[in-house]
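Any read-out appearing in this document is the output of simple, stated calculations on the displayed coordinates, not a laboratory observation. The shown structure was predicted, so the numbers you read here are calculated from the model rather than taken from an experiment.
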Amino acid sequence: MSESPSHRHPEKRNRPDNPIQRKPKWIRVKAPTSATYHEVRKLMRGLNLTTVCEEAACPNIGECWSKKHATMMIMGDTCTRACAFCNVTTGQPKPLDPLEPTNVALAVGSLGLNHVVITSVDRDDLGDGGAAHFAEVVTCIRAAAPGTTIEILTPDFKDKPGAVEHFTAVAPDVFNHNLETVPRLYPSIRPGARYFTSLALLAEVKQRIPGIFTKSGLMVGLGETREEVLQVMDDMRAAQVDFLTIGQYLQPTAKHAAIDRFVTPDEFEEYAGFARGKGFLLAASSPLTRSSYHAGEDFAKLRAARLAQLSSAAE
Ligand code: SF4
């Protein structure tokens with residue numbers, strides 16, 4: 001039997017058990033069965049690539065992979081952090097795979113995607129947090145699939161000064177970094193991170209690469225209040241974040257943070273309305289929204305929204 005992620009790290013092992021709650025009827029997904037799903041899986045294994053879709057046990061994998069929308073997770077399958085919501089294995093990661101940028105680019109070319117999302121584990125063990133490797137992956141995708149737009153979903157690069165400079169030259173189309181939850185819950189949910197470090201990263205990227213779209217996401221159902229969520233929206237807008245995603249937190253195992261409650265579809269709609277009112281170019285808010293869910297379609301909407309904004313400003 002393989003070791004479960006929560007048994008590989010003392011912080012996770014020592015957490016009390018939180019019974020997993022039954023999901024409400026609005027969170028039901030189909031098991032992945034399509035031929036395309038198996039094709040994508042074979043391609044990933046053949047190129048020795050990891051996906052966050054599998055590692056995070058994402059509920060949308062059947063739908064996304066049936067459209068070949070896989071989100072590759074670079075720099076290994078082992079994370080140096082132990083966030084209370086995350087299913088990715090925690091431990092001492094292996095050295096970076098020098099062939100990974102080429103293999104990711106090959107996979108993107110084979111999948112024939114219009115838009116790809118690349119994410120990674122946290123690599124606090126590396127001097128630059130893995131930023132140079134991330135940038136190399138972007139460069140290789142640009143060379144292999146010049147028509148594909150690229151979104152990167154990165155760690156916070158805490159205590160890694162200069163990390164953002166690696167992205168300035170390669171200029172991905174979308175820079176995504178999730179705040180994940182409200183600041184009050186950081187010590188229990190995201191203990192290795194700092195709320196204002198993440199906000200500062202988003203602001204710095206926008207300042208250095210003005211044409212880029214920035215994006216950030218929140219999980220709800222962890223005990224946050226509506227007022228706290230609205231404050232996070234204001235903080236994101238102050239950092240000029242363009243696109244907000246909000247989805248329901250789902251507890252991966254009994255060793256992970258407990259769900260406080262299931263937020264209703266109407267409340268998700270309400271959050272989307274607030275986000276639009278606060279000036280986000282786009283807001284995706286639903287129980288199954290995830291950072292990379294429908295990312296290609298949303299990128300087209302983002303571009304259209306910016307064009308509309310620019311043309312109305314010119315009138
Ligand atoms: S929502 Fe994102 S992580 Fe989940 S299956 Fe789709 S692409 Fe993968």
Can you give the three extents of the C-alpha atoms in the chain along their principal axes, from longest to shortest, in whole Å? 60, 46, 42
Whole-Å semi-axes of the ellipsoid equivalent to the stretch 34-173 (Cα gyration tensor, √5λ, descending): 23, 19, 13
Assuming a viscosity of 0.692 mPa s and a temperature of 37 °C, what translational diffusion coefficient in µm² per second does Stokes-Einstein assign to the stretch 192-238, Rh being the Kirkwood radius over Cα pairs? 275 µm²/s
Under the classification rounded if a/c is under 1.5, otherwise prolate if a/b is larger than b/c and oblate if not, where does the stretch 67-140 fall, given a ≥ b ≥ c as square roots of the Cα gyration tensor eigenvalues? oblate
Working from the pairwise distances between different alpha carbons, so that the mean of 1/r is found and then inverted, what is the stretch 142-233's Kirkwood radius in Å? 14.4 Å
For the stretch 92-208, count the residues as N, evaluate 2.2 N^0.38 Å, and divide the Cα radius of gyration by that value, please. 1.09
Descending semi-axes in whole angstrom, ellipsoid equivalent of the stretch 20-74, from the Cα gyration tensor: 23, 13, 8
Expressed as a whole percent, how much of the Cα-Cα distance distribution for the stretch 247-291 exceeds 11 Å? 67 percent
A 30 angstrom limit on the alpha carbon distance is what I want to check against. Which of 67/301; 25/68; 94/255; 67/255; 25/94 exceed it? 67/255; 25/94
Reported to two decimal places, what Rg/Rh ratio describes the stretch 172-289 when computed on Cα atoms with Rh from the Kirkwood expression? 0.96
Ignoring everything except DSSP H segments at least 4 long, calculate the 222 nm mean residue ellipticity for the chain; use -39,500 (n - 2.57) per segment, divide by total residues, nearest 500. -11500 deg cm²/dmol
